[in-house]
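The values are calculated or read from the model by the stated rules, or taken from the named source; none is laboratory data. Since the model is a prediction, treat every value here as computed from it, not as a measurement. FYI the Cβ positions are ideal-geometry reconstructions off the backbone, even for glycines, and counts take in every protein chain you see. Accessible surface areas use protein heavy atoms only, side chains included; no ligands, DNA or RNA. Shrake-Rupley method; radii C 1.70, N 1.55, O 1.52, S 1.80 Å.
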Amino acid sequence: MAINVGKANLVEQLELILSLRGSYPIVAIDTEFPGFIRDTPRNATEEERYNDVKHNVDNMHLIQLGVALLDEGGNTPWPGCCWQFNFSDFDPEVDASSPDSIELLIQSGHDFQQNRRHGIDAQRCAYLVCVKLFCQPHSSKYITFHGLYDVAFVIKMITRAPLPNTLNEFSDLVRITFGQIYDLKYISRFCCGLRRGEIGLVGLSRLLDVEPVGIRHQAAYDSLLIGKLFNKMKQRRHNIEDDRSASVLYGIENRCVENRRTRRIDRRGWPYPRRHQHPLAAMGWAV
């Protein structure tokens with residue numbers, strides 16, 4: 001059963017997750033957001049695709065962040081363990097969104113008005129969420145599926161700023177923030193019998209005979225499914241943890257591979273702001 005996280009239990013659940021991270025270093029993530037206000041053609045270049053990602057992410061609010069923790073054997077802390085961080089910032093009456101996406105989310109059980117009342121204020125707390133989840137010194141691996149937007153929203157939350165102007169800078173931030181992150185849609189391109197990656201999350205689960213748990217388009221359950229798929233692919237001896245696949249996101253894979261080969265990164269001081277004290281510290285939060 002997914003644990004719904006709002007402002008009332010945020011600190012408690014973050015501390016629980018942090019206490020588990022040493023034993024469960026694999027972190028599967030998924031997000032839900034209000035669709036796309038700028039669509040990207042299938043034949044777009046990677047630079048064009050990133051420009052659309054930046055436009056969409058910069059101009060939209062995140063609705064949910066889903067997290068599932070697993071150990072190297074694919075075990076979760078308890079059966080069905082996953083977390084769903086609900087954010088209060090999105091107002092469907094005034095904020096940018098895709099009507100079709102909003103209707104799909106409503107049909108999937110999202111209650112935007114409840115999120116407005118009880119969800120997490122991203123401006124005040126999202127940085128703390130991300131530091132606790134993504135910036136810890138454990139030897140973590142992060143898993144996503146078709147994760148370009150998931151990663152972009154997390155980076156936006158951590159930096160509290162618009163996404164970088166260039167794809168090169170964004171690719172650098174992916175490596176700085178996540179270290180080892182594996183995109184199963186990209187990896188499945190090289191796995192026999194997985195249709196060269198041209199398949200969705202549910203389709204991949206059917207091919208691998210992994211039963212989804214919970215409701216689709218709820219971020220916690222999708223993150224748990226992503227974690228299970230990662231483990232099943234390892235069991236089938238797919239070479240999914242090859243260093244060549246680390247920090248390569250589907251949709252900008254060529255630039256990720258090239259930048260990893262040619263561009264050096266410096267993680268010193270990350271993720272703490274270099275020019276000013278983080279406002280959460282002034283409020284007494286442990287950041």
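For residue 123, state whether it is modelled with pLDDT under 95, in a helix (DSSP H, G or I) and in contact with a Lys or Arg (Cβ under 9 Å, 6 or more places away or on another chain).
Spelling it out, residue 123 is indeed modelled with pLDDT under 95, in a helix (DSSP H, G or I) and in contact with a Lys or Arg (Cβ under 9 Å, 6 or more places away or on another chain).
Just checking, does region 127-139 include any residue being of a type in the set (Val, Ile, Thr) and assigned to a helix (DSSP H, G or I)?
Yes, there is a match, as at least one residue in region 127-139 is of a type in the set (Val, Ile, Thr) and assigned to a helix (DSSP H, G or I).
Taking residue 44 and the conditions (1) over 30 Å from residue 240 (Cβ atoms); (2) more than 19 Å from the chain's Cα centre (by Cα); (3) open to solvent by less than 30 Å² (accessible area, probe 1.4 Å), which numbered condition does it fall short on, given that it satisfies the others?
Unmet for residue 44, out of (1) over 30 Å from residue 240 (Cβ atoms); (2) more than 19 Å from the chain's Cα centre (by Cα); (3) open to solvent by less than 30 Å² (accessible area, probe 1.4 Å): (1).
Given the criterion more than 15 Å from the chain's Cα centre (by Cα), open to solvent by less than 10 Å² (accessible area, probe 1.4 Å) and either closer than 19 Å to residue 25 by Cα or of a type outside the set (Ser, Thr, Tyr) (or both), identify the matching residue among 119, 80.
Unique residue meeting the criteria: 119.
Output yes when any residue across region 160-177 is assigned to a helix (DSSP H, G or I), within 21 Å of residue 17 (Cβ to Cβ), at pLDDT below 90 and open to solvent by less than 20 Å² (accessible area, probe 1.4 Å), and no when none is.
Yes, some residue in region 160-177 is assigned to a helix (DSSP H, G or I), within 21 Å of residue 17 (Cβ to Cβ), at pLDDT below 90 and open to solvent by less than 20 Å² (accessible area, probe 1.4 Å).
State all residues of region 132-149 that are open to solvent by 10 Å² or more (accessible area, probe 1.4 Å), of a type outside the set (S, T, N, Q) and within 24 Å of residue 12 (Cα to Cα); if no residue qualifies, say none.
132, 135, 137, 138, 141
From 186, 250, which residue is assigned to a loop (DSSP other than H, G, I, E, B), touching a residue at least 60 places away in the same chain (Cβ under 8 Å), open to solvent by 10 Å² or more (accessible area, probe 1.4 Å) and aromatic (Phe, Trp, Tyr)?
250
Can you name every residue in region 201-221 that is touching a residue at least 24 places away in the same chain (Cβ under 8 Å) and within 18 Å of residue 240 (Cβ to Cβ)?
201, 204, 205, 208
Please specify each residue of region 76-95 satisfying the condition of being in contact with a Gly (Cβ under 9 Å, 6 or more places away or on another chain) and either of a type outside the set (Phe, Trp, Tyr) or part of a loop (DSSP other than H, G, I, E, B) (or both).
Listed by number, the residues that qualify are 76, 80, 82, 84, 86, 88, 89, 90.
Before we move on, is residue 148 under 13 Å from the mean Cα position of the chain (by Cα), modelled with pLDDT of 85 or more and of a type in the set (A, V, I, L, M, F, W, C)?
yes
Is there a residue being crowded, with 16+ Cβ neighbours inside 10 Å, in contact with a Ser or Thr (Cβ under 6 Å, 6 or more places away or on another chain) and in contact (Cβ under 8 Å) with a residue 40 or more places away in the chain anywhere in region 93-115?
The answer is yes; a qualifying residue exists.
Matching residues to (1) touching a helix residue (DSSP H, G or I) at 6+ places or on another chain (Cβ under 8 Å); (2) without any contact (Cβ under 8 Å) to a residue 40 or more places away in the chain; (3) part of a helix (DSSP H, G or I); (4) not basic (Lys, Arg):
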residue: 8; (1), (2), (3), (4): yes, no, no, yes
residue: 16; (1), (2), (3), (4): no, yes, yes, yes
residue: 19; (1), (2), (3), (4): no, yes, yes, yes
residue: 22; (1), (2), (3), (4): no, no, no, yes
residue: 29; (1), (2), (3), (4): yes, no, no, yes
residue: 37; (1), (2), (3), (4): yes, no, no, yes
residue: 53; (1), (2), (3), (4): yes, no, yes, yes
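For residues that are buried (at least 16 other Cβ atoms within 10 Å of the Cβ) and within 13 Å of residue 149 (Cβ to Cβ), tally how many sit in region 47-60.
So the count comes out to 9.
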